[in-house]
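Chemist: My questions all concern the structure below.
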Amino acid sequence: MTADEQERSIESESESESEKSRERLPLGELRPDDRGQDEVREELEESIGRGQARPLTREEREAAERDKGPAKTVYAPASERVPKPPLPEDEKLINQPREDAG
């Protein structure tokens, strides 16, 4: 076996090993030599780690466009307003004797 043939066999073995290692990695994992290849994904992951908001999905953007915001508060006229009696538990809190008032 010549030196060229030995190099080719070593290269083919290392290629087959790298193909096997690609198959073994969990979904979303990068091999060490693939790091820095997906700059957009890495930037997104880093921004999430820094606590920055993630970009909205298309569905979220469309929902935000349709959102009318909070409804306006409508008050009854003064003549129609009636005081509401407090709840029984609220009475206990309101009529509670103060210890520090003495």
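A short reminder: the numbers here are calculations on the coordinates, not readings from a lab. Keep in mind that what you see is a predicted model, and the values were worked out from it rather than measured. Here Cβ is always computed from backbone atoms with ideal geometry, including for glycine, and neighbour counts include all displayed protein chains.
Chemist: Quote to one decimal, in nm, the extra length available between LEU93 and GLU42 on full extension: 0.36 nm per residue of separation minus the C-alpha distance between them.
Modeler: Stretched fully, the LEU93-GLU42 segment lengthens by 12.9 nm.
Chemist: What do you get for GluC sites (Glu not before Pro) in the stretch 42-102 restricted to DSSP loop and a cutoff of at most 12 other Cβ within 10 Å of the site's Cβ? Mind showing how you got there, number by number?
Modeler: Numbers: sites: GLU42, GLU43, GLU45, GLU46, GLU59, GLU60, GLU62, GLU65, GLU80, GLU89, GLU91, GLU99; in loops: GLU99.
Filter output for the stretch 42-102: GLU99.
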